[in-house]
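The values are calculated or read from the model by the stated rules, or taken from the named source; none is laboratory data. Just so we're clear, the structure is a prediction, and the values are computed from it rather than from any experiment. Counting neighbours? That spans all protein chains shown, and the Cβs are built from the backbone with ideal geometry, glycine included. Surface accessibility is based on the protein's heavy atoms, side chains included, excluding ligands, DNA and RNA. Shrake-Rupley method; radii C 1.70, N 1.55, O 1.52, S 1.80 Å.
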Amino acid sequence: MEKDCMFCKIAHKIVPSSVVYEDDDVIAFLDISQTTKGHTLVISKEHYDNFLNTPQEVMHKVMDVAQRIGQAQMLMLGAKGVNILSNVNKEAGQSVYHFHVHVIPRYLASEGFEISMKENPDAKSLSLPALASTIKKGL
Ligand code: 5GP
Ligand code: ZN
């Protein structure tokens, strides 16, 4: 446990939260911001900084729970869609450095949460085969 980590404190019940699901490795609780009604965070109880440096077995357990939470939001809250999101580092919007997955139920397209993927104006000058091969080398 990292003593200054808010999500470690939530995982260890030092700080209260509205828990939706819990087992030995994973806990899911309502995000304080409630970007949309039912917005839930799924975290590993063990501290890892982000999605990319979480051991695969733990990451799989968190993603399994995220899927189930999304299904429950559709079934029980009347959500029409769900966004599943994990921010890695501040450039991607991460503000709490303890691995977490947002499960954000969607009711309308125009709500407090929006992902906008604009076309890169430089897209035409990028070589997609070269880019693909560069990424492939890192696998
Ligand atoms: P990030 O920006 O790192 O992807 O997401 C962090 C999320 O944690 C934010 O959506 C924020 O509202 C939520 N959050 C931060 N502090 C607390 C807290 O003390 N309790 C709960 N339930 N959520 C928190
Ligand atoms: Zn932590």
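What the table shows:
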quantity: Residue that is least open to solvent (accessible area, probe 1.4 Å), among those in the stretch 112-138 that are of a type in the set (Ser, Thr, Tyr) and in a helix (DSSP H, G or I); calculated: SER133
quantity: Per-region count, the stretch 29-47, residues under 30 Å from SER110 (Cβ atoms), more than 11 Å from ligand 1 (Cβ to nearest atom) and surrounded by fewer than 17 Cβ atoms within 10 Å (Cβ to Cβ); calculated: 1
quantity: Answer from VAL101, VAL62 - the residue that is closer than 21 Å to GLU2 by Cβ and in a helix (DSSP H, G or I); calculated: VAL62
quantity: Checking GLY78 against (1) open to solvent by less than 50 Å² (accessible area, probe 1.4 Å); (2) closer than 19 Å to SER33 by Cβ; (3) free of Cβ contacts under 8 Å to residues at least 40 places away in the same chain; (4) not aliphatic (A, V, I, L, M), the condition it does not meet; calculated: (2)
quantity: Filtered residue count, the stretch 10-28, keeping only those that are open to solvent by less than 60 Å² (accessible area, probe 1.4 Å) and more than 18 Å from MET59 (Cβ to Cβ); calculated: 3
quantity: Any pair with Cβ under 8 angstrom, 6 or more apart, that starts in the stretch 89-102 at a residue that is of a type in the set (Val, Ile, Thr) and ends at one that is within 8 Å of ligand 1 (Cβ to nearest atom) and not in a helix (DSSP H, G or I); calculated: VAL101/LEU41; VAL101/LEU85; VAL101/SER86
quantity: Only one of VAL15, VAL88, VAL20 that is over 19 Å from PHE113 (Cα atoms), of a type in the set (A, V, I, L, M, F, W, C) and assigned to a loop (DSSP other than H, G, I, E, B); calculated: VAL15
quantity: Some residue of the stretch 29-37 being of a type in the set (Lys, Arg) and farther than 18 Å from GLN71 by Cα; calculated: no
